[in-house]
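What follows is a short report on a single structure.
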Amino acid sequence: MPTPTVGTHARLTDVATCVSAAIETLELVSGTLKTPFLSSIASTSRSLLKSVETVKQNKTDCIHLLEQTHQLLYAIIALHLRSDTGGELSPIVLNHIGSFTETLQKIHHFVEAQQDKGWLKQFFRQAEMAALLKACNIGLQESLNFFQIQAISFAIDAAQDYAHKTHQEVLEMIHSLSDMHVSDTASSINRGLSSSESSSMSISMLPSEPQIFHGRDLELTDILSAFQKEPTRIAILGAGGMGKTSLARMVVHHPEVVARYDQRRVFVACDTTTTQVELAALIGAHVGLNAADSR
Ligand SMILES: Nc1ncnc2c1ncn2[C@@H]1O[C@H](COP(=O)(O)OP(=O)(O)OP(=O)(O)O)[C@@H](O)[C@H]1O
Ligand SMILES: [Mg+2]
């Protein structure tokens, strides 16, 4: 009879602690949710744990089976904790839990048969036991594959929910900062911010500097020199698609403008405004004034 090594003993202690905790949790879930098979899984696991602790033959195999059983117990508990299911499991999941229950009974049978009961009896049963062990391993592997896929699909669902929520938040922020109407929502956002906070948020929303920009040196120089005088108001006029916005983007990122205005640069898309009052209120909102101030 092989003597259990220190490593085997430690492994058994670890897995026994974890399995005991899993069984207790499973019993709680079973008592609350009444999922079929759970109480049978809990009682077989409890009995299996006792058998593995006292087993004499093939102890390493038995511990390995118990470790895999532990993984599956937690996978089953985790399925019940999914908030979107409310503890209700689909027929396919129940079917796999049923298969695991059968595998668990085979494991229990195998471990029981490893108790030391005479070498002759063991000799004749060796082939049968090898087949049983193989069946246990195949059953466990199938269950692990299934429940791992369930866990991955849950993680993907959660990631998609998170991405969707974040996307909505970004859209709302863009809407409120660069495409807003004179509305309570827009002004309340700016009321909550100091002037410097509002400006720096707007700067983070500045459109990028054009990567390709040719043939407007004269216009650019004119605008930059106009900025030497204050107050400066410049209207860039031209037919659709002539490059008005591109020129404005070049100006807002020009080193002279950056050096002079730095955090006080604001880009306000005014396409949605139709009156002077709306235009003034929109620009005011972007620099931290509320609707009342702009009247
Ligand atoms: N100086 C330039 N060099 C290279 N590409 C340019 C230049 N000016 C504009 N473009 C390109 O031409 C297209 C239209 O430019 P832009 O959007 O600036 O025009 P716009 O006058 O603001 O148009 P709209 O009247 O529709 O607002 C963009 O693809 C832009 O990259
Ligand atoms: Mg434009």
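Where a number appears in this text, it was derived from the coordinates with a stated rule and is not lab data. Model, not experiment: these values are computed from the prediction. Neighbour counts are summed over all protein chains in view; Cβ atoms, including those assigned to glycine, are modelled from backbone coordinates with ideal geometry.
Brief remarks follow.
- For segment 1-72 versus segment 131-160, the inter-centroid distance based on Cα atoms is 18 Å.
- Directionally averaged shadow of segment 6-172, computed from the convex hull of its alpha-carbon atoms, nm²: 11.7
- A Förster radius of 45 Å combined with the Cβ-Cβ distance from Leu144 to His214 puts the calculated FRET efficiency at roughly 0.15.
- Taking label points 7 Å from Cα along the Cα-to-Cβ direction, Thr232 and Asn95 give a separation of 7.3 nm.
- Annotation: Cα Rg of segment 15-95 relative to the compact-globule expectation 2.2 N^0.38 Å equals 1.16.
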